[in-house]
Amino acid sequence: MNNQKKLIILTGPSGVGKGTVIKEILGKDKNIWLSISATTRQPREGEKEGENYYFLNQEKFKEMIEQNLFLEWAKFAGNYYGTPLSSVNEKIKKGFNVLLEIEVEGAKQIKEKFPESLSIFLLPPDKAELERRIRNRGTEKEEAIKKRLLRASYEISVSNQFDFELINHNVDETVMRIIKLLQT
Ligand code: 5GP
């Protein structure tokens, strides 16, 4: 990978609305490709293999770590998540800007390897709103919700290590601001 400016990192706590924001961005800018991660977490209802994630068991995931097949990987709320190296390389070669929707440890690894990448942290308007969104989504059991809320506090505490912090008050406004950042 030689043009490091082509990597965009989008990070933010569970429930902040990354998915909605990304969907809008992809609809507006056809030159952005969203990397599909591998994970050991169970698929949520409606999630599809190869579309939302590559769902792997721990053995396979660890094998891929050993074979250096990840650009970065991290453990989050009890599961492994990682960015497959080959597809990112391929898309960069084809001239796409690659968007990585990853948590803070992975973001740190990418920023260390590719200092020219653009890192954005999406913040919730307030923490109570975040909890409401995670609960309303109804995709996680109580134990997983607690882990995610705990993790959210930690992630927010290190958000100042990112190039830009954006508060997600309103999806349209957030999307506009991100597109502007990509153009500068
Ligand atoms: P979820 O289980 O809600 O889909 O994702 C949990 C967290 O893992 C989110 O913060 C998401 O951004 C992050 N994540 C998803 N894919 C990757 C990845 O490939 N690498 C890293 N480091 N984090 C990821």
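The values are calculated or read from the model by the stated rules, or taken from the named source; none is laboratory data. Source: prediction; values computed, not measured. Ideal geometry is used to build each Cβ from the backbone, glycine not excepted, and the neighbour counts take in all protein chains shown. Ligands, DNA and RNA are stripped out before the accessible areas are found, and what is left, the full protein with its side chains, is counted by its heavy atoms. Shrake-Rupley method; radii C 1.70, N 1.55, O 1.52, S 1.80 Å.
A count restricted to segment 8-40 and to residues that are within 8 Å of the ligand (Cβ to nearest atom) and among the β-branched types (V, I, T) stands at 2.
Any idea how many residues of segment 48-57 are within 12 Å of the ligand (Cβ to nearest atom) and surrounded by fewer than 14 Cβ atoms within 10 Å (Cβ to Cβ)? The qualifying residues number 0. Tallying residues that are within 7 Å of the ligand (Cβ to nearest atom) and either among the charged types (D, E, K, R) or open to solvent by 50 Å² or more (accessible area, probe 1.4 Å) (or both) within segment 68-106 yields 5. Among the residues of segment 93-104, are any of a type outside the set (F, W, Y), in contact (Cβ under 8 Å) with a residue 40 or more places away in the chain, under 17 Å from K18 (Cβ atoms) and in a helix (DSSP H, G or I)? Yes: segment 93-104 contains one or more residues that are of a type outside the set (F, W, Y), in contact (Cβ under 8 Å) with a residue 40 or more places away in the chain, under 17 Å from K18 (Cβ atoms) and in a helix (DSSP H, G or I).
Going residue by residue through segment 58-65, is there one that turns out to be at negative phi, under 14 Å from the mean Cα position of the chain (by Cα) and either modelled with pLDDT of 95 or more or within 12 Å of the ligand (Cβ to nearest atom) (or both)? No, segment 58-65 contains no residue that is at negative phi, under 14 Å from the mean Cα position of the chain (by Cα) and either modelled with pLDDT of 95 or more or within 12 Å of the ligand (Cβ to nearest atom) (or both).
Checking I134, I167, I179 one by one, the residue that is touching a residue at least 24 places away in the same chain (Cβ under 8 Å) and over 15 Å from G15 (Cα atoms) is I179 and no other. When residues in segment 124-143 are screened for being out of contact with any Ser or Thr (no Cβ under 8 Å at 6 or more places or on another chain) and open to solvent by 100 Å² or more (accessible area, probe 1.4 Å), 4 of them pass. Residues in segment 138-166 that are more than 29 Å from S117 (Cβ to Cβ), of a type in the set (K, R) and part of a helix (DSSP H, G or I): K146 alone. Of everything listed in (1) open to solvent by 30 Å² or more (accessible area, probe 1.4 Å); (2) out of contact with any helix residue (DSSP H, G or I) (no Cβ under 7 Å at 6 or more places or on another chain); (3) within 21 Å of S159 (Cβ to Cβ), the single unmet condition for T20 is (2). Scanning segment 90-114 for residues that are more than 12 Å from the chain's Cα centre (by Cα), closer than 19 Å to N160 by Cβ and among the acidic types (D, E) yields a total of 1.
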